Structures are given as C-alpha cells and as structure tokens.
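A.B. asks: One structure coming up, written as structure tokens, with questions to follow.
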Amino acid sequence: MHPFRYGWWACAPAYAGFRSSMESGRRHSGRYHSWSHGPTFGVRRPLRYLALRLDLSEEQVRDVADVLNRLKTARGQSQVDWERSVADAADAFAPGSFDDTKAKEALARRVRASETLNDEIVNALPKIHGILHEDQRREFAYLLRSGGLAI
C-alpha cells in the first residue's frame, strides 16, 4: 500500500492515527491526490462515472471518451489563456502609470478564452446527444440538473 495514495504527508500529526487505523484493519478514508494540484480528476474518472450511471456500451464509451478528451484539451487551453490574461493585467500595473490598453487587451483575452470554451461545449453537447439513447439522455439531463455532472 503506497502511503502517498492517502495523502498523509499533508498533515504529519495525523500519520499516527493513519498507522493505527491501518494496523487495526480499518481502511483510511483519504482521497486520491496528485503531486501538483490536489485531487485528481481527469478524463477517465468522469468517463467511468458516466459509463456506470448511463450503462454505456463499449462503442458509446469510446465515442464519449473522444468528446471528453476534446473538452479536456479545450479547458486546458482556456486555463492557459486565463493565466496569460492575469499576467497581462499585472503588466498593466508595472509601469509608473496604469496602462488602459494592456488591461483591456488582457480582459479581451479572457473573454475570447471563455467564448472558445463555450463553443467547444456547444459542439460537444449535440455529439453526446447523438451517442446516447433516449433513457440515457434523460439520465444525463438529470445528472446535469442535480449537479452530479458539471459541464
């Protein structure tokens, strides 16, 4: 059992409790963590969740995986553009006087990134709609409404 799997390094005093719970046979209820940004949540996990909840066939899983992979890429690019806009906004403060044009360009980059991500979502939803059967669509809509699935 790998100790980093349970995230005990984040709080050293809790390690003693972790060890005693493992020795007594009880499982630790920690979450999986990545090294860089806390809990992992890539394409596999939402895909497994959808496959389980919607009872997807193998072909449907492959098609939904392609759509989710495109969304993951678009979201990553949107995050990069967002961070660049923050850096550009900070550059507007660097000189002795505030630079309005740099600040407006930074906010325009942020708007473009948001619009690009929204366009990808709008393109993905009809693809997912075409992949799913009627009962699966109803369950997918329920998951969106209830917050079990976020776009």
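The values are calculated or read from the model by the stated rules, or taken from the named source; none is laboratory data. This one's a predicted model, so the numbers in the text were calculated from it and none came from an experiment. Because the Cβ atoms are built from the backbone with ideal geometry, glycine has one as well, and the counts that use them run over all protein chains shown.
A.B. asks: Kindly establish whether residue 84 is exposed (fewer than 14 other Cβ atoms within 10 Å of the Cβ), within 23 Å of the chain's Cα centre (by Cα) and basic (Lys, Arg).
C.D. replies: Details: exposed (fewer than 14 other Cβ atoms within 10 Å of the Cβ): no; within 23 Å of the chain's Cα centre (by Cα): yes; basic (Lys, Arg): yes.
In short, no.
A.B. asks: Now for a separate question. Collect the residues in the range 123-151 that are hydrophobic (A, V, I, L, M, F, W, C) and under 20 Å from the mean Cα position of the chain (by Cα), keeping them in residue-number order.
C.D. replies: Initial filter on the range 123-151 (hydrophobic (A, V, I, L, M, F, W, C)): 124-125, 128, 131-132, 140-141, 143-144, 149-151.
Answer for the range 123-151, where residues must be hydrophobic (A, V, I, L, M, F, W, C) and under 20 Å from the mean Cα position of the chain (by Cα): 124, 125, 128, 140, 141, 143, 144, 149, 150, 151.
A.B. asks: From the set of residues in the range 64-81 that are closer than 16 Å to residue 127 by Cα and not charged (D, E, K, R), which is surrounded by the fewest Cβ atoms within 10 Å (Cβ to Cβ)? Explain how you work it out, then say what you get.
C.D. replies: We begin by selecting, within the range 64-81, every residue closer than 16 Å to residue 127 by Cα; these are 64-72, 74.
Adding the requirement that they be not charged (D, E, K, R) leaves 64-65, 67-69, 71, 74.
Working: 64: 22, 65: 17, 67: 19, 68: 18, 69: 13, 71: 19, 74: 19.
That would be 69.
A.B. asks: Just checking, how many residues over the range 92-151 are in a helix (DSSP H, G or I), of a type in the set (Asp, Glu) and either modelled with pLDDT under 90 or over 22 Å from residue 80 (Cβ atoms) (or both)? Break it down into steps so the answer makes sense when it comes.
C.D. replies: Restricting attention to the range 92-151, the residues satisfying the condition of being in a helix (DSSP H, G or I) are 92-93, 100-131, 134-146.
Okay, now just the ones that are also of a type in the set (Asp, Glu), so 100, 105, 115, 119-120, 134-135, 139.
After this cut, where a residue has to be either modelled with pLDDT under 90 or over 22 Å from residue 80 (Cβ atoms) (or both) as well, the list is 100, 134-135, 139.
Adding up the residues that qualify gives 4.
A.B. asks: Hey, residue 97 hits all of (1) out of contact with any helix residue (DSSP H, G or I) (no Cβ under 9 Å at 6 or more places or on another chain); (2) closer than 30 Å to residue 47 by Cα but one; which does it fall short on?
C.D. replies: Exception for residue 97: condition (2).
A.B. asks: Continuing with this model, one more query. For the range 26-34, check the following and say yes or no: at least one residue is at pLDDT below 85, within 25 Å of residue 113 (Cβ to Cβ) and either over 19 Å from the mean Cα position of the chain (by Cα) or of a type outside the set (Val, Ile, Thr) (or both). Reasoning before the result, please.
C.D. replies: Let us first name the residues in the range 26-34 that are at pLDDT below 85, namely 26-34.
Checking the rest, the ones that are also within 25 Å of residue 113 (Cβ to Cβ) come to 34.
Still in the running and either over 19 Å from the mean Cα position of the chain (by Cα) or of a type outside the set (Val, Ile, Thr) (or both): 34.
Scanning the range 26-34 turns up at least one residue that is at pLDDT below 85, within 25 Å of residue 113 (Cβ to Cβ) and either over 19 Å from the mean Cα position of the chain (by Cα) or of a type outside the set (Val, Ile, Thr) (or both).
A.B. asks: Can you name the condition, by its number, that residue 55 falls short on among (1) in contact (Cβ under 8 Å) with a residue 40 or more places away in the chain; (2) surrounded by 14 or more Cβ atoms within 10 Å (Cβ to Cβ); (3) not aromatic (Phe, Trp, Tyr)?
C.D. replies: (2)
A.B. asks: Just the residues that are farther than 16 Å from residue 60 by Cα and touching a residue at least 60 places away in the same chain (Cβ under 8 Å), please, taken from the range 101-150.
C.D. replies: The answer is 143, 148, 149.
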